[in-house]
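These notes concern the structure reproduced below.
The values are calculated or read from the model by the stated rules, or taken from the named source; none is laboratory data. Everything numeric in this text was worked out from a predicted model, so none of it was measured. Side chains are part of the model used for accessible areas, which takes the heavy atoms of the whole protein and leaves out ligands, DNA and RNA. Shrake-Rupley method; radii C 1.70, N 1.55, O 1.52, S 1.80 Å.
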Amino acid sequence: VLPIAVGPTRDPKGEPQTFHVGRVAGCSSLANVSKGPAHGKFGAWCQNTVENRHVWTLPLKALLGRMPARARVALLKIDAQGYDLNVVASAGDQVDRIDYVAMEVVSDDCAALYDGQPKCTEVVETMIGHGFVPLGRVECTPHFPRARFNHFCELELVFRRHDIRYQSVPREVH
């Protein structure tokens with residue numbers, strides 16, 4: 001929607017940062033692709049960066065600050081390729097305006113795709129520190145069948161503000 005990247009910056013008004021464009025679009029990120037050992041074939045498709053671009057990067061706090069003072073974000077869906085937790089952290093003191101956050105994380109038993117990418121347990125603990133709790137039980141080293149499309153390593157987690165009472169959506173009765 002906006003021609004910018006979102007993440008931590010030294011300047012609260014934003015700054016240019018390097019965006020690593022992968023051969024596979026889903027691997028492009030502000031984070032560097034990890035050159036460490038992969039988990040089987042997991043991540044092999046992300047090993048090649050074809051271009052480094054300078055992109056304007058704003059902290060999430062700056063974007064939230066542009067909304068009306070009482071406005072809230074009902075759901076923040078992040079897929080920042082290893083940078084998801086950095087995006088949340090960049091909200092700073094505006095993070096309490098967000099009700100739910102959905103993000104993709106790497107399970108604890110898999111190698112990280114990006115340098116410094118936190119794994120599931122670290123993400124959950126850090127999100128709790130930001131005032132969010134996971135929606136439901138989180139298995140960071142799942143024992144349930146995993147989907148092949150994510151090579152058994154990526155998990156989708158949803159968090160809610162700790163002070164929001166979760167209510168399931170009632171089903172229609174016919």
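Expressed as a whole percent, the accessible area of region 4-115 that falls on carbon and sulfur atoms is 54 (1.4 Å probe). Accessible area per residue for region 1-131 is 52 Å², calculated with a 1.4 Å probe on protein heavy atoms, without ligands, DNA or RNA.
For residue 109, no residue 5 or more places off, or on another chain, has a built amide H under 5 Å of its own. The lysine pair tally for region 1-114, using Cα distances under 30 Å and a gap of 8 or more places or different chains, is 5. With 0.36 nm allotted per residue and the present C-alpha distance subtracted, the residue 35-residue 50 stretch has 3.9 nm of extension available. Compute the Cα gyration tensor for region 42-150, then decide on rounded, prolate or oblate, letting a ≥ b ≥ c be the square roots of its eigenvalues: rounded whenever a/c is under 1.5, prolate when a/b is larger than b/c in the other cases, and oblate in all that remain. Taking the square roots of the gyration eigenvalues as a ≥ b ≥ c, region 42-150 is oblate.
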